[in-house]
């Protein structure tokens, strides 16, 4: 397999980022609620990103809520010129592990304004609709995002957990530059969406890329990891990294040691046979 695969991606055609980024959900408390158990370590992880070549951070106003964005600003502001911060709006939180979709324009307006303030930014590089709200006409949500972009508050717009049909609908109103759907070596339900995005220069950002540890039950994965003197998690990330050139990885962690392991995953070169063998797992 070709080890010279691109390690960078031009998001929206104008933001060059390294394809292994960082998901900032896990720097909050249990149930993605409240402050982290070890704030100093969370700050240390964020401040270590640049040293490992990470210049893309994915967060959301609902992580905490607010906590993740506040920690990012505390740790990294003023930001490095090449740092791209993506955030999201569209959820309300009522407690640990409690998520309620709200993509009404008035809620998104408050969410966007709050994210800008917490992150100390005048414009969000990538603002993602966290979920389509079944109680709100999609057109209303899209019109708000378009207006916010025209006002200069948003640079690029992305979607999350949507189908090809949803992307096409959204594209009637705005340019969609990214899609963040659940996807991993053992969860391939959005394969058609991934390929569609690749064909249309849309970044695909898998969330839950190692499927919450479920990959550890895969014998093939464990065997190949031993061959490469790596962890199964690293091999799973490497497979994603090499599976499609538009995939941007955002593994999350609250520990610096795990951050290093995640970044190393891009350097693990799997053979074509190994890629095919792992690709056949799809649990």
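Numbers for the structure displayed
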item	result
Per-residue [θ]222 nm for the chain (sum of -39500 (n - 2.57) over DSSP H runs n ≥ 4, rounded to 500)	-10500 deg cm²/dmol
Translational diffusion of the range 55-187, µm² s⁻¹ [Kirkwood Rh, Cα pairs; Stokes-Einstein; 10 °C; 1.306 mPa s]	105
DSSP beta bridge pairing in the range 129-283, given as percent antiparallel to the nearest 5	10
Two-decimal Rg to Rh for the range 1-114 - Kirkwood Rh, Cα set	1.01
Highest-fluctuation residue, 245, 78, 206 considered, GNM on the chain with Cα pairs under 10 Å	78
Cα-derived Rg over Rh, computed across the range 206-281 with Rh taken as Kirkwood radius	0.92
Relative exposure of 9, 63, judged by other C-beta atoms within 10 Å (fewest first)	9, 63
Fewest-first sequence of 61, 14, 133 by Cβ atoms within 10 Å of each Cβ	14, 133, 61
Base-10 log of normalised Debye intensity for the range 124-283 (one unit scatterer per alpha-carbon) at q = 0.15, 0.21 Å⁻¹	-0.82, -1.28
Gain in span if fully extended, residue 269 to residue 140, counting 0.36 nm per residue against the direct Cα distance	41.9 nm
Proxy reagent accessibility, fewest Cβ within 10 Å first, across 123, 118	123, 118
Structure-derived Cα Rg over 2.2 N^0.38 Å - corresponding label in (i) 1.03; (ii) 0.91; (iii) 0.96	(iii)
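Each value in this text was obtained by applying a stated rule to the coordinates, not by laboratory testing. Values in this document were obtained by computation on a predicted structure and should not be read as measured data. Reconstructed Cβ throughout: ideal geometry from the backbone, glycine too, with neighbour counts over all protein chains shown.
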